[in-house]
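Chemist: First, the structure itself, so that you have it in front of you.
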Amino acid sequence: MDPDSVKSTLQNLAFGNVLAAAARDYKKEVLAQEKAHASSTSNQEEVDLDELMDDPELEKLHADRIAALKKEAEKRQSLKKQGHGEYRDITEADFLGEVTGCDKLICHFYHREFYRCKIMDKHLKTLAARHLETKCIRLDAENAPFFVGKLGIKTLPCVILFRQGIAGDRLVGFQDLGAKDDFSTRTLEALLMKKGIINEKKEDESNVYDESRRRTVRSSAYPDSDSD
């Protein structure tokens, strides 16, 4: 074997080993720098969080939020005690007290045999639980002849919207709901929002309503129903 060739080969191997060692050292150095940077960032975040915990402005914001939530909970509880949040039957004797006892009220004048009244009942029951700001009640028109006459109610279902005890808008039959029986609760809600009797919900609650379980109720033969 040629001595010069052997020497050249050994030199090349030695040079390759040096390069490999240098590459390993460089990689170790880079990893060490990244670790040190991550540790420094972590410590900085901890310091920042510690500073925030002692920030008086943050503490005030937190206290204000807690106070607002408490006030809202107390308001909701007070409204529930006044009959908000549920869809209730009342009598003619109760009518004036209910209507004048709150800022906003929805009253459904119904007949127990009219199928469209039952459809309206279903939707209003859902909305009553969703909109505590407005009281929702229903009154059997057959047992309330005085107020039916005073309010000029001739077609059922009739939903009258009261503000501070004064009758304003009304929904007669389903004329404003597409004149069809299969309107959705959301459609009725949008109409009542437009009329200002219930508040608009800002959060996305697309799954609130279950429109897939509609029950068919029998038609009415009463001549004063608009269910034809």
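Chemist: Which semi-axes, in whole Å and largest first, does the equivalent ellipsoid of the range 87-182 have when worked out from the alpha carbon gyration tensor as the square roots of 5 times its eigenvalues?
Modeler: After scaling each eigenvalue by five and taking roots: 19, 16, 12 Å.
Chemist: If you don't mind, another one. Mean separation of Cα pairs under 8 Å and 6+ residues apart, divided by the residue count of the range 104-152: what relative contact order is that in percent? Walk me through the numbers before you get to the answer.
Modeler: Working: 39 pairs, mean separation 24.9, N = 49.
With pairs under 8 Å counted, the relative contact order is 51 percent.
Chemist: Same structure again: Compute, for residue 69, the solvent-accessible surface of its heavy atoms (probe 1.4 Å) with the complete set of protein chains present, and express it in square angstrom to the nearest 10.
Modeler: 90 Å²
The values are calculated or read from the model by the stated rules, or taken from the named source; none is laboratory data. Just so it is clear, the model here is predicted, and its values are computed rather than measured. Heads up: the accessible areas ignore ligands, DNA and RNA and are worked out on the full protein's heavy atoms, side chains in. Shrake-Rupley method; radii C 1.70, N 1.55, O 1.52, S 1.80 Å.
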